[in-house]
Amino acid sequence: MRVALKECEWEATGEDLLVVFDAREAITLSDPEGQVAALLSELRRAPQTAAELSVALGRHGFSLSEEDVTGGLSGLDSLGLIEDADGRTLGDPDEDERHFSNLSFYGTYASLDRRRAAFLRPLREAHVLVLGVGGGGSSLVQCLAGLGVGEMTLVDQDRVEPRNFARQFLYRHADIGLSKAERAAAWVRDYDPGIKVHPVDRWVSAPEDLADLVQGVDLIAGGLDGHPHANLWANEAAVRAGIPYVLGGANRSQLMYLSVDPGRTACLACDYADRPAEDTSEGIAYRIVENMKLSNPLTGPMAMQVGSLLAFEAQRYLTGYEPPRAAGFRVTLDMREGLVPEWQPLPKNPECQICRLAPPREGDRR
C-alpha cells in the first residue's frame, strides 16, 4: 500500500513536533531525534510504501526496518494524519474535479483502511426518495445534488406560487403555476445531468400511496404537509420497507429534525403514542397545533437550515462517515435561544404496531 500524508503542517518545538491537520487542534509528538519530521517530510514529497520509506529514511541517517516504519505509520494513522494514497480520487479527472470539495471533506475521515472515494461512491450509487420539494425540501434537494447522490425521486403535488420565492430557490418566475416536482427535477438535470431524477406529482393520503415509490430506495428524506398524519403515513411506509427516514420542519420559533432507523430506533408512531391524553391541557394543545392553519413564516435562512440538517443526516446514513446524529431523537433548534440544538430521545414503544412491521435487519435477534 502506498501511504499519503493528509493536508497537514508541522513545526519543531524543542524535542517535540507540533502537527496540525484540523485547525481546531494541534497534536504534540515526541521527536527528539527528528525521525517523525523526516517521515512526514518524505510522505509530503510523495506517497510511498513502508519499504520505500525505510530506504528513504536511511538517506536521512535513520536506520529503520520496514516493520519499524509500519509501526510508525500505524501511529500516524491512529491520529488521522495519513491515508491510502490510491483512494484519494475517483479515478476520473472530470469526476474528481466535480467532487473536489466532497473528496476533501471525506479526507478528514479517511484512513489506511477506508479511502476517501469509498465514502463518496455509496452516495453516487444511492437512491433517495424526497418527500416534498417546498421549503426545507427544496434546499434538501440542492444539498443532495451537491453531495453527489446518484438518483432521486421527488414527490410533491403543489404548484409553484410567487409566495414560495422567499424560501424556495429551486424555482424561477417562469415556473409559476407549474408542478413543483417537475420543475425541481428540471433543476437537478440542469445542475448535474449525471443524476437520475424522477418527479412524482402525487397527493399522499395513506402509506399505500408510497408503496411503489420505496422500491429500490436507500433512504427517505423530507417532510409532508397537507394533513396532520402525512408524516405518520410516510413513517409507516419507511418502516414497512426497512428504509431509514429523515424528516424535519419548523414552526414560528423552532426548527426540528429526527430520523427513524426501522427495527433499531423508535419510530414516529412511537413518539405519537406518547402524546398526552386528549382530555388534558397538553393533549388539547397538541390537537390545536395539529389543526392550525399557519401562514407559513418559514424564511429562506430557516428553510436552508432545515434542508441542510436533513442532508447532513442523510449523508451520515449513506456514507457512514459518522453515526446518524438524530436516530431515535428529536433535535430542536430554538431561534429564541440562538439555534443551539437540543436532543430529546424518542420514547420507544414496545407495543408499537408500526415498529413490528419492520423487516428483520442484519444482527437482529428478534
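Here are the criteria: (1) at pLDDT 95 or above; (2) touching a Lys or Arg at 6+ places or on another chain (Cβ under 8 Å); (3) in a helix (DSSP H, G or I). Tell me which single one Pro323 does not satisfy. The one condition Pro323 does not meet is (3). The residues in segment 1-49 that are under 16 Å from Arg88 (Cβ atoms), buried (at least 20 other Cβ atoms within 10 Å of the Cβ) and among the β-branched types (Val, Ile, Thr) can be counted, and the count is 1. I need the full set of residues from segment 90-103 which are in contact with a helix residue (DSSP H, G or I) (Cβ under 8 Å, 6 or more places away or on another chain) and either surrounded by fewer than 17 Cβ atoms within 10 Å (Cβ to Cβ) or outside any loop (DSSP other than H, G, I, E, B) (or both), in order please. Correct list: Gly91, Asp96, Asn102, Leu103. Among the residues of segment 174-182, some residue qualifies, meaning at least one is β-branched (Val, Ile, Thr), surrounded by fewer than 22 Cβ atoms within 10 Å (Cβ to Cβ) and on the phi < 0 side of the Ramachandran plot. Looking at Trp187, Trp233, just one residue is out of contact with any helix residue (DSSP H, G or I) (no Cβ under 7 Å at 6 or more places or on another chain) and of a type outside the set (A, V, I, L, M), and that residue is Trp187. Of all residues in segment 130-150, none satisfies the criterion of being surrounded by fewer than 22 Cβ atoms within 10 Å (Cβ to Cβ) and over 21 Å from Ser101 (Cβ atoms). With the condition kept exactly as written, say whether any residue in segment 53-68 is surrounded by fewer than 20 Cβ atoms within 10 Å (Cβ to Cβ), without any contact (Cβ under 8 Å) to a residue 60 or more places away in the chain and under 30 Å from Arg124 (Cβ atoms). No, the conditions are met nowhere in segment 53-68.
Note on segment 250-267: residues that are assigned to a strand (DSSP E or B) and surrounded by 22 or more Cβ atoms within 10 Å (Cβ to Cβ) total 6. With the condition kept exactly as written, say whether any residue in segment 13-28 is out of contact with any Lys or Arg (no Cβ under 8 Å at 6 or more places or on another chain), in contact (Cβ under 8 Å) with a residue 24 or more places away in the chain and assigned to a helix (DSSP H, G or I). No, segment 13-28 contains no residue that is out of contact with any Lys or Arg (no Cβ under 8 Å at 6 or more places or on another chain), in contact (Cβ under 8 Å) with a residue 24 or more places away in the chain and assigned to a helix (DSSP H, G or I). Does Asn164 satisfy the condition of being touching a helix residue (DSSP H, G or I) at 6+ places or on another chain (Cβ under 6 Å), surrounded by 17 or more Cβ atoms within 10 Å (Cβ to Cβ), assigned by TED's automatic domain parsing to the domain that holds Gly137 and not in a loop (DSSP other than H, G, I, E, B)? For Asn164, the condition - touching a helix residue (DSSP H, G or I) at 6+ places or on another chain (Cβ under 6 Å), surrounded by 17 or more Cβ atoms within 10 Å (Cβ to Cβ), assigned by TED's automatic domain parsing to the domain that holds Gly137 and not in a loop (DSSP other than H, G, I, E, B) - is not met. Just checking, does segment 84-102 include any residue being at pLDDT 95 or above, under 31 Å from the mean Cα position of the chain (by Cα), aromatic (Phe, Trp, Tyr) and not assigned by TED's automatic domain parsing to the domain that holds Asp192? Within segment 84-102, one or more residues are at pLDDT 95 or above, under 31 Å from the mean Cα position of the chain (by Cα), aromatic (Phe, Trp, Tyr) and not assigned by TED's automatic domain parsing to the domain that holds Asp192. Across segment 31-51, the number of residues qualifying as in contact (Cβ under 8 Å) with a residue 24 or more places away in the chain and either part of a helix (DSSP H, G or I) or within 35 Å of the chain's Cα centre (by Cα) (or both) comes to 12.
Among the residues of segment 347-363, those identified as surrounded by 11 or more Cβ atoms within 10 Å (Cβ to Cβ) and under 11 Å from Arg264 (Cβ atoms) are Lys348, Cys355, Ala358, Arg361.
Scanning segment 230-249 for residues that are of a type outside the set (Val, Ile, Thr), crowded, with 17+ Cβ neighbours inside 10 Å and not in a strand (DSSP E or B) yields Ala230, Asn231, Leu232, Trp233, Ala234, Asn235, Glu236, Ala237, Ala238, Arg240, Ala241, Pro244.
Is it the case that segment 106-121 has a residue that's assigned to a helix (DSSP H, G or I), touching a Lys or Arg at 6+ places or on another chain (Cβ under 6 Å) and charged (D, E, K, R)? Yes, there is a match, as at least one residue in segment 106-121 is assigned to a helix (DSSP H, G or I), touching a Lys or Arg at 6+ places or on another chain (Cβ under 6 Å) and charged (D, E, K, R).
The values are calculated or read from the model by the stated rules, or taken from the named source; none is laboratory data. It should be emphasised that the depicted structure is a prediction, and the values quoted were computed from it without experimental measurement. Every residue, glycine among them, receives a Cβ derived from its backbone with ideal geometry; neighbour counts consider all protein chains shown.
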